[in-house]
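Accompanying notes for the structure given below.
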Amino acid sequence: QVRLVESGGGLVQAGGSLRLSCVASGNIFSIRPMGWYRQAPGKQRELVATITSTGSTNYGDSVKGRFIISRDNGKNAVYLQMDSLKPEDTAVYYCNAPMGSLVYWGQGTQVTVSS
């Protein structure tokens with residue numbers, strides 16, 4: 001099995017910053033793309049950012065220019081630096097790690113941005 005553990009969520013004021021971390025452990029044989037998704041109350045899950053094994057990134061339109069995804073292959077970890085946070089960013093953020101034909105998800109970490 002593969003386990004993903006997120007950390008770093010919390011409550012911040014608009015304009016503030018948070019850094020989310022996700023560490024993968026378990027039956028991992030190769031490093032593949034990882035990413036972050038989020039789900040706000042009453043909304044569907046949406047893409048936040050993804051990063052390939054070589055560091056190529058892409059972002060959802062709503063976070064471009066404000067969030068930065070990065071990874072540490074040696075630690076099987078992915079990070080999300082969140083700057084200029086807005087109330088609309090409030091959601092549960094989930095770490096994602098495709099492993100072959102399977103896709104693993106973390107438990108999620110709550111990010112709440114007050115106005």
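The values are calculated or read from the model by the stated rules, or taken from the named source; none is laboratory data. Just so it is clear, the structure is predicted and the values come from calculations on it, not from any experiment. Cβ: placed from backbone, ideal geometry, glycine included. Neighbour counts: every protein chain shown.
Points to keep in mind about this one:
Residues are listed down the side, and each one gets a yes or a no for (1) in contact with a Phe, Trp or Tyr (Cβ under 8 Å, 6 or more places away or on another chain); (2) of a type outside the set (A, V, I, L, M); (3) in contact (Cβ under 8 Å) with a residue 12 or more places away in the chain:
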site	(1), (2), (3)
G8	no, yes, yes
A14	no, no, yes
R38	yes, yes, yes
G42	no, yes, no
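- Screening segment 76-86 for residues that are hydrophobic (A, V, I, L, M, F, W, C) and in a strand (DSSP E or B) and picking the one that is surrounded by the fewest Cβ atoms within 10 Å (Cβ to Cβ) gives A77.
- N73 meets each of the listed conditions (1) without any contact (Cβ under 8 Å) to a residue 40 or more places away in the chain; (2) surrounded by 12 or more Cβ atoms within 10 Å (Cβ to Cβ) apart from (1).
- Qualifying residues in segment 87-103 (those that are assigned to a strand (DSSP E or B) and modelled with pLDDT of 95 or more) - the one farthest from S25 (Cα to Cα): A91
- Flag for S84 being at pLDDT 95 or above and of a type in the set (G, A, S): yes
- Listed by first and then second residue, the pairs linking a residue in segment 86-113 that is under 17 Å from G42 (Cα atoms) to a residue that is among the polar types (S, T, N, Q) and not in a strand (DSSP E or B), with Cβ atoms under 6 Å apart and 6 or more places separating them unless they lie on different chains, are P87/S115; T112/T90; V113/T90.
- For segment 104-111, the criterion of being crowded, with 20+ Cβ neighbours inside 10 Å and part of a strand (DSSP E or B) is satisfied by at least one residue.
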